[in-house]
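The values are calculated or read from the model by the stated rules, or taken from the named source; none is laboratory data. None of the values given here were measured: they were computed from a predicted structure. Methodologically, a virtual Cβ is constructed for each residue, glycine included, from the backbone with ideal geometry; neighbour enumeration extends over all protein chains shown. These area figures cover heavy atoms from the full protein model, side chains too; ligands, DNA and RNA do not enter into them. Shrake-Rupley method; radii C 1.70, N 1.55, O 1.52, S 1.80 Å.
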Protein chains: 2
Amino acid sequence: MSSTLTFSDIPSLRQKLGPLTGDIAPVTTPMMFKSPRCFHKPPAKSFKHRLSQEALSRGAATLKTAGTELNADIISLATGRPSPEYFPFLKMTLDFPQTSGASKDRADSPLSGTIGKYDIKTNKASYDLAISLNYGYSAGSEQLIRFFTEHVDVVHNPPYSDWQCSLTAGTTSALDSVFRTFCNRGNYIITETYTYSAALEAAGPFGIRSIGVEMDEEGMVPAHLDNLLSSWDVSRRGAAKPFLLYIIPTGQNPTGTTQSLQRRKDIYAVAEKHDLYIIEDEPYYFLQFQTGKSEAYANSDQSPRSESNLVEEFLGNLIPSYLSLDVSGRVLRLDSTSKILAPGLRCSWMTGSADIISRFLYLHDATIVSPSGLSQIALHTLLDGVWGHEGLMKWLLYLRDEYIQRRNITLESCEKYLPRNICSWSLPEAGMFHWIKVDWRAHSLAAAYSKSDLEFENMILKIEDRIYSTALRKGVLCCKGSAFRAGGVKSCEMYFRLTYATASLPQIQEAIARFGMATREQFEGRV
Amino acid sequence: MSSTLTFSDIPSLRQKLGPLTGDIAPVTTPMMFKSPRCFHKPPAKSFKHRLSQEALSRGAATLKTAGTELNADIISLATGRPSPEYFPFLKMTLDFPQTSGASKDRADSPLSGTIGKYDIKTNKASYDLAISLNYGYSAGSEQLIRFFTEHVDVVHNPPYSDWQCSLTAGTTSALDSVFRTFCNRGNYIITETYTYSAALEAAGPFGIRSIGVEMDEEGMVPAHLDNLLSSWDVSRRGAAKPFLLYIIPTGQNPTGTTQSLQRRKDIYAVAEKHDLYIIEDEPYYFLQFQTGKSEAYANSDQSPRSESNLVEEFLGNLIPSYLSLDVSGRVLRLDSTSKILAPGLRCSWMTGSADIISRFLYLHDATIVSPSGLSQIALHTLLDGVWGHEGLMKWLLYLRDEYIQRRNITLESCEKYLPRNICSWSLPEAGMFHWIKVDWRAHSLAAAYSKSDLEFENMILKIEDRIYSTALRKGVLCCKGSAFRAGGVKSCEMYFRLTYATASLPQIQEAIARFGMATREQFEGRV
């Protein structure tokens, strides 16, 4: 087999690798679905020295281990697993849209998938309700693991041999598992200056502190990261040198920045130098607009809707992931279904070295057990049964084009309604967030600025709160930038995060007009 | 309204309390669905002094709090919540069995429920895919919370005012949350001598140790519990006096014991005396056989299948829960859908005082976010839409009768195939487990018994392992009793746990015959 793999190779690959077991919760599957090219690569390094006290003391659950001794001749009176005849679900039928945007919501000709209770037994399908509604393997059902393993193989082609996928019960849950797996109380983690607030809030109660690294238009700056680590003073900081790097490389939340390939390589080099472990959180990875920098957005008629409909072009233009650069196995990539399919599924996937993934499986055996079986079988029916790998890519193309439209309306509205001498922004090249810098220096409260640091910070927070409240009074809810600020960061700037994900296009225009009125009111006479 | 509440009161109660909001993730709902009688009771005591360091440092998530300021006139550019038009799920249709056993698996006339994407907007239903597939409130959707709140109100009628239900992502996940909410590293928790092994394994890596309290035929013995606590010596134990009591009152796992009402009252009194907080884990609560003690099982023709079909009789004969005795609000009850509907749903419910539940909601915001929306809407469609409260009870009656049959076959087979001078057991009055004591004293290895304690324990484990392996070789997998043993317990007895939940009736007979052969082989010449 050649060293390139495309989605069109998957059918013959499946044939070679053989059929699924069809068993309840088979535990030996994730490595089985990888293409032969994976096994010619060197193995991942060990990161056991990075594991938390909790992770080091976890092993396989007793009752699960017992199950592995089963074979067809053995009757199990061991696990208290109800017989599927007692599951009150006989059949599920799902209607999905075509992958092309034209039909989407009010689909004239929906695609349909039907799942019976005993479709495996009756050879109708490779997955059924009797399996998906039972206790599952914490990595996920073999049916869905196969799909995501193939997906990762084609899209990321990790450069070491023993990578592995596992499902998660959503990325928020996975992040909680990350902190439990890598951190002890008192540890620092490294993040961008501004980062996903829920990640910080999840880490805090564990006694984990964040330390932010400065960003530019391409996100985290490698030199600052290197400098932070090279100059880390254990006694001054009162904590060991941090090693867990949490980053959102694409369409970063909240700043909307996207790291170029070179930026990723530079940060990975710093990670190699300081032996960091990288959490690559990528919910917006497939919302890369690929419209080029700065000039392309304004003319939405020339947006790439019509021409970019080729899956290969889309795939070829995606900025490579950290996972795809990861020669050492020091990256755990978190993919999410929430922004590209639906958040309510609470079923996403992650990829890392087999040893690290196994730590998560031990943990998940004792926590989530597995993502919902209904979510799993619905995803499988959609992705594997109805759309297929290429169908998913076409859906992502459709979504990408929708978000380009939303971004463009947002930018047009900002140009039209916001006072340009107070508000400034960059072009979001991916994702769903627009990050607006507001120059507080012209605000009347700034006149009262005193030299003490604390009052300076407080003053900015006070101005931020006034703008936020005025905007709310005028009928638009946005997020304060300060809510996303990591620890150890002194900010002398003020930001607001606007998302164009939810509101309709006319609502986006109206909301930004209101935000403009709010800033004008707050900066009266100075805009 | 009178102080009794039955399922037939629910429709008029709903009418009085008004309609659901139909909003995405409304956060103010759980208290809204309780009958007026609840509010005439005294409030729960505070158990804040029992919270862990982690729980005390958690609060509401920033982005969630932001959402509460919304009203209809405000456009939100705040939360990165995708528009439902981008959820690729248009319609879901589910087929369910009738609640009576006759049709169950091969249903001739299944009941059907169909859910559209915008059923709320179009006034077709009170719940739809646009809501259930979005980010949800961590307590669960208002639609499902209403159902379980009504259920708890009717079935348990907790004797304090501010009780509240929340969904969980399954009881294993809820138990993990329990340890995080109440325990710090180094704490002891109190359990029965033999208890659910996964609970112990989940607690261990947190640095939480278990200490087992002796049991008799009715489970945990209150006098032993009182004695353990009254004589607790902090310096000898190297840990504070424990206060978290984890119990499985009905069809206990692994022993199959069920606590009588008096037993529950006595344990609750000890809990009041020592200010314990009780985790009532009740996955088998509705599998109470109600066939009376000891004599009734053998004649399965006279089993109560035909006559017990009255929901009131079933409800009236259920042994009251700890929740229903809980005047102080010191009980967190964990109900499970896994044994009565399907484990793959990963969506169950718990009930406790509002303050304690709020601690779980803060935690769940940062971990599970919410149970799967597909599981929630499937459950809602089945329980609220198709079956209704009484329908669920009829289903439970059907299940109960099925498990009575399974238990009876198990007991008959044990009497037929096991050597009675070596093996002994009690009658399981609930649940899915049969606990068999095997008298190791007649085993050849026992002849080599030396007086040292360690060797004594090792000898029993060695005999247990031989029986286990012989049984496996003969084609039956069972669980070793030692796998379920709590900490601090010296056992001079040996047990095996058999479940009659999974195998078919003929398989159960065959498997027990094999287990009988294995014990006979191990005790050759002595049976």
Requested in this report: Apply 1/(1 + (r/R0)^6) to the Cβ-Cβ distance of residue B:492 and residue A:49, taking R0 = 30 Å, and write down the FRET efficiency to the nearest 0.05.
Outcome: 0.10
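Shielding by partners for A:504-516, please: the mean number of other protein chain Cβ atoms within 10 Å of each residue's Cβ. Intermediate values should be presented prior to the final figure.
On the way: counts 3, 0, 1, 3, 2, 1, 1, 4, 2, 0, 3, 2, 0.
Other-chain Cβ atoms within 10 Å of each residue's Cβ, averaged: 2.
Can you give the net charge of the other residues whose Cβ lies under 11 Å from the Cβ of residue B:210, counting K and R as +1 and D and E as -1? Please report the intermediate quantities before stating the final value.
Details: positive: B:209, B:485; negative: B:192, B:201.
Taking every other residue near residue B:210 into account, the sum is 0.
How many square angstrom of accessible surface are buried between A and B, both sides summed, with a 1.4 Å probe and rounding to 100?
Details: alone 22880 and 22880 Å², together 36910 Å².
The buried area between A and B, both sides summed, comes to about 8900 Å².
Give me a single rounded figure for B:200-206: the average over its residues of other chain Cβ atoms within 10 Å of their Cβ. Spell out each step's value before the answer.
Working: counts 1, 10, 6, 1, 5, 12, 5.
The mean count of partner-chain Cβ atoms within 10 Å per residue comes to 6.
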Query - Label distances, nm, residue A:473 versus same residue in remaining copies, Cβ-directed 7 Å point - result: 8.5
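In Å², what does the accessible area per residue of chain B work out to with a 1.4 Å probe?
Values: 18440 Å² over 527 residues.
Per-residue accessible area for chain B comes out at 35 Å².
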Query raised in the report: Relative to the other copies, what are the label-point distances for residue B:13, with labels 7 Å from Cα along the C-beta vector, expressed in nm at one decimal and sorted shortest first?
Result: 5.4
Query raised in the report: At residue B:261, with labels set 7 Å past Cα in the Cβ direction, how many nm apart are the copies from this one, shortest first?
Result: 7.5
Report summary line: If every Lys and Arg gets +1 and every Asp and Glu gets -1 at its Cβ, then about the Cα centre the range B:406-522 yields a dipole, in debye to the nearest 20, of 140
Query raised in the report: Which Cβ of chain A lies nearest the axis of the rotation superposing A onto B, and at what whole-Å distance?
Result: A:372, 2
Report summary line: For B:443-449, B:412-418, ranked highest to lowest by mean beta-carbon neighbours within 10 Å, the order is B:412-418, B:443-449
Requested in this report: Provide the net charge surrounding residue A:350, with neighbours chosen by a C-beta distance below 11 Å and charges set as Lys +1, Arg +1, Asp -1, Glu -1.
Outcome: -3
Report task. Treating only the Cβ atoms of Lys and Arg (+1) and Asp and Glu (-1) as charged, compute the dipole magnitude of the range B:403-453 about its Cα centre; round to the nearest 20 debye. Result -> 60
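When only C-alpha pairs under 8 Å and at least 6 residues apart count, what is the relative contact order of chain A, in percent?
Relative contact order for chain A comes out at 18 percent.
Per the Kirkwood formula on distinct C-alpha pairs, the Rh of chain A is how many angstrom?
Values: mean 1/r = 0.0402 Å⁻¹.
Final number for the Kirkwood radius of chain A is 24.9 Å.
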Report summary line: In degrees, nearest 10, the alpha-carbon axis of helix A:505-522 is tilted away from the dominant principal axis of the alpha carbons of chain A by 30
Requested in this report: Please report, in whole Å, how far the alpha carbons of the range A:96-224 spread along each principal axis, starting with the longest.
Outcome: 57, 39, 32
**Report entry** Extreme residue, positive dipole direction of chain B, given options B:11, B:458, B:470 (C-beta unit charges)
**Finding:** B:458
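How crowded by other chains is A:361-368, given as the mean number of beta carbons from other chains within 10 Å of each beta carbon?
On the way: counts 0, 2, 3, 3, 4, 13, 12, 8.
Across the residues of A:361-368, the mean count of other-chain Cβ atoms within 10 Å is 6.
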**Report entry** Charge dipole (chain A, unit charges on Cβ, about Cα centre) - positive-most of A:130, A:270, A:141
**Finding:** A:270
Query raised in the report: If you place +1 on the Cβ of every Lys and Arg and -1 on the Cβ of every Asp and Glu, how big does the dipole about the Cα centre of chain A come out, in debye to the nearest 20?
Result: 880
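Provide the net charge surrounding residue A:363, with neighbours chosen by a C-beta distance below 10 Å and charges set as Lys +1, Arg +1, Asp -1, Glu -1.
On the way: positive: A:58, A:180, A:359; negative: A:54, A:176, A:365, B:176.
Net charge around residue A:363: -1.
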Query - Angle between chain A longest axis and helix A:453-473 axis [Cα atoms, degrees, rounded to 10] - result: 80
Query raised in the report: What's the angle, to the nearest 10 degrees (0 to 90), between helix A:354-365's Cα axis and the longest principal axis of chain A?
Result: 90
Report summary line: In terms of the charge dipole of chain B, which places +1 on Lys and Arg and -1 on Asp and Glu at the beta carbon, the residue among B:199, B:378, B:38 farthest towards the positive end is B:199
Query - the range A:418-522, accessible surface, carbon-and-sulfur percent (1.4 angstrom probe) - result: 51
Query - Debye intensity ratio I(q)/I(0), log10, the range A:418-522, q values 0.21 Å⁻¹ (C-alpha model) - result: -1.18
Report summary line: Summing -39500 (n - 2.57) over every DSSP H run of at least 4 in the protein assembly as shown, dividing by its residue total and rounding to the nearest 500, the 222 nm mean residue ellipticity is -10500 deg cm²/dmol
Report summary line: Stretched fully, the stretch from residue B:446 through residue B:13 gains (0.36 nm per residue minus C-alpha distance, one decimal, in nm) 149.4 nm
